[in-house]
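Step one of this worksheet: look at the structure below.
The values are calculated or read from the model by the stated rules, or taken from the named source; none is laboratory data. These figures come from a predicted structure and were not determined experimentally. In this analysis, Cβ positions are derived from the backbone assuming ideal geometry, glycine residues included, and neighbour counts consider all displayed protein chains. When the accessible area is computed, the model is the full protein with side chains, heavy atoms only, and any ligands, DNA or RNA have been set aside. Shrake-Rupley method; radii C 1.70, N 1.55, O 1.52, S 1.80 Å.
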Amino acid sequence: QVQLVESGGGLVQAGGSLRLSCAASGRTFSNYLMGWFRQAPGKEREFVAVIRWSDRSARYADSVQGRFTISRDSAKRTGYLQMDSLKPEDTAVYYCAAGRNFAVVADFYDYWGQGTQVTVSS
């Protein structure tokens, strides 16, 4: 079992920045990937970014490429999503997830955090 706890959400003005954190606990995490997804009201959950824990390979959704940066600190067993140049359309509940596939589809992830709200005002 892997437990994930997100933090760092909040309210920010358009153009601002936030950094989300996802702390992992439980079984060894080195063979996992950590993904970030988001879900806005009335919309489906969508992929944001993913990082392979072992080599830091990363992949981003086109909508956040160049604005968001995913990273991880193995010693702290914590992943991060640095979000810059935020837009109102980035408003959503953000979830971190752990899985064994370098995937953009939520179904491939085995463990999920509880989510953290990000609101970007115009």
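For the chain, the spread of Cα positions along the three principal axes, ordered from largest to smallest, is 41, 28, 23 Å. The charge dipole of region 1-104, taken about the Cα centre with unit charges on the Cβ atoms of Lys, Arg (+1) and Asp, Glu (-1), comes to about 340 debye, rounded to the nearest 20. What a 1.4 Å probe finds exposed on the chain is 45% carbon and sulfur by accessible area, rounded to a whole percent.
If you plug the beta carbon distance of residue 63 and residue 3 into 1/(1 + (r/R0)^6) with R0 = 22 Å, you get a FRET efficiency near 0.15. What list of ³J(HN,Hα) couplings, whole Hz, do you get for region 108-113 from phi and the Karplus terms 6.51, -1.76, 1.60, once you set θ to phi - 60° and write x for glycine and proline? Listing the rounded values in order: 7, 9, 9, 10, 9, x Hz. The order of the peptides 53-63, 81-91, 23-33 by mean Cβ neighbours within 10 Å, most packed first, is 81-91, 23-33, 53-63.
From Cα pairs below 8 angstrom and at least 6 apart in sequence, can you work out the relative contact order of region 1-57, rounded to a whole percent? RCO, region 1-57: 28 percent. For residue 28 and residue 85, what does the FRET efficiency come to when R0 = 30 Å and r is the distance between their Cβ atoms, rounded to the nearest 0.05? For R0 = 30 Å, the calculated efficiency reads 0.25. Mean sequence separation of contacting Cα pairs (under 8 Å, at least six apart), scaled by the length of region 31-122, corresponds to a relative contact order of 31 percent. Annotation: per residue accessible area for the chain equals 51 Å², rounded to a whole number [probe 1.4 Å, protein chains only].
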